Amino acid sequence: MADLSAEEREAVQQRAAEVRSSRRRGRGADRAAAEAQDVVDKIASMPAGDRKLAERVHAVVTAAAPELAPKLWYGMPAYARSGTVVCFFRSGEMDGTRYSVFGFNDSAALDDGGMWPTSWALTEMTDAAEAEIGALVRRAVR
């Protein structure tokens, strides 16, 4: 971990804590409810600007793909199918960057030819951005 920045080391440590916590929780509905609550709590702890973005992203993703389970992933909100993260939100303010990110992992069915985007910078949630995120999430889980 010597080549990682302080922020990256913190993210790795958060992920390790998430894995340990997940193992202690076992399986089933109680675990899913606890993981979903972790996401709500994380969003509530974000700085105001990113909190508003994350709340809307959370609402859009859970409405567009209710089969995705909210969970923390590297300390940030993510949405998984069968334990595999499909999409995620990264707080720009918490990451120390000028914009937040909404992105997808390789399990998302977004393939479009030989090249396609997998993440988007997000500075405000417009109606158009909300509609595009919803459409992408629906496409990602088809």
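Search the range 19-48 for residues being at pLDDT 95 or above and β-branched (Val, Ile, Thr), and hand back the single one that is farthest from MET76 (Cα to Cα).
VAL40
ALA16 fails exactly one of the following numbered conditions: (1) surrounded by fewer than 16 Cβ atoms within 10 Å (Cβ to Cβ); (2) more than 13 Å from the chain's Cα centre (by Cα); (3) at pLDDT 95 or above; (4) aliphatic (A, V, I, L, M). What is the number of that condition?
Condition not satisfied by ALA16: (3).
How many residues does the range 49-105 hold that are assigned to a helix (DSSP H, G or I), surrounded by fewer than 16 Cβ atoms within 10 Å (Cβ to Cβ) and modelled with pLDDT under 95?
Residues flagged as assigned to a helix (DSSP H, G or I), surrounded by fewer than 16 Cβ atoms within 10 Å (Cβ to Cβ) and modelled with pLDDT under 95 within the range 49-105 amount to 1.
Please go through the range 108-117 and pick out each residue that is closer than 15 Å to THR84 by Cβ and either out of contact with any Cys (no Cβ under 9 Å at 6 or more places or on another chain) or part of a strand (DSSP E or B) (or both).
ALA109, LEU110
Only one of ALA48, ALA121, ALA131 is among the aliphatic types (A, V, I, L, M), farther than 26 Å from GLU7 by Cα and more than 13 Å from the chain's Cα centre (by Cα); which?
ALA131
The values are calculated or read from the model by the stated rules, or taken from the named source; none is laboratory data. Quick caveat: nothing in here was measured; it's all calculated off a predicted structure. Because the Cβ atoms are built from the backbone with ideal geometry, glycine has one as well, and the counts that use them run over all protein chains shown.
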